[in-house]
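Right, one structure below, let's go through it.
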Amino acid sequence: MNTVEILIFLAVAGCGWLWYENTQARETALAAVREACRAEGLQFLDETVVLARLRPTRTAEGWIAWWRVYEFEYSDTGDNRRRGGVHLLGGRVTLLNVGPRLVASR
């Protein structure tokens, strides 16, 4: 293999690794949102999350990891759509926000 072939191979391998990491992170975000919506009695609309932000950052241990923000929609009454977000650092959920919602008075 010459230098160009090695660089092409490394670029393809890097893209494959990033795709795999993103797929795993998306599955982690989906599972966290499903569980949070179930626990809060919310309706998880469309059963999907959308990657809103992606950037490299450092962990508390000093390692470089991807910081991802996924957005999703949920309903608290069944008649509306509200936005929420879930933040991941590497493969770990660091924040899950379902935002403001209606509270029924009794």
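The values are calculated or read from the model by the stated rules, or taken from the named source; none is laboratory data. It should be emphasised that the depicted structure is a prediction, and the values quoted were computed from it without experimental measurement. Cβ coordinates were reconstructed from backbone atoms using ideal geometry, including for glycine residues, and neighbour counts include every protein chain displayed. Surface areas here come from the heavy atoms of the whole protein model, side chains and all, with no ligands, DNA or RNA. Shrake-Rupley method; radii C 1.70, N 1.55, O 1.52, S 1.80 Å.
Worth a mention:
- Note that region 29-105 presents 63 Å² accessible area per residue, ligands and nucleic acids not counted, probe 1.4 Å.
- Cα centroid of region 48-66 to Cα centroid of region 1-21, whole Å: 21 Å
- Against the chain, whose longest principal axis is taken from its Cα atoms, helix 3-40 shows a tilt of about 10°.
- Helical contribution to [θ] at 222 nm, DSSP H n ≥ 4, -39,500 (n - 2.57), averaged over the chain, rounded to 500: -13000 deg cm²/dmol
- Extreme residue, positive dipole direction of the chain, given options His87, Asn2, Ala13 (C-beta unit charges): His87
- Equivalent ellipsoid dimensions for region 40-83 as semi-axes, Å, which come from the Cα gyration tensor, largest first: 31, 11, 7
- Val4 versus Arg34: modelled label distance in nm, points set 7 Å from Cα along the beta carbon direction: 4.7 nm
- Whole-percent pair-distance distribution, where bins are 5 Å wide, for the alpha carbons of the chain: 2, 12, 19, 18, 14, 11, 9, 6, 4, 3, 2, 1, 0, 0, 0
- Relative contact order computed over the chain (Cα-Cα under 8 Å; 6+ residues apart), in percent: 20 percent
- The accessible surface of the chain, taken with every protein chain in place and a 1.4 Å probe, is 58 percent carbon and sulfur.
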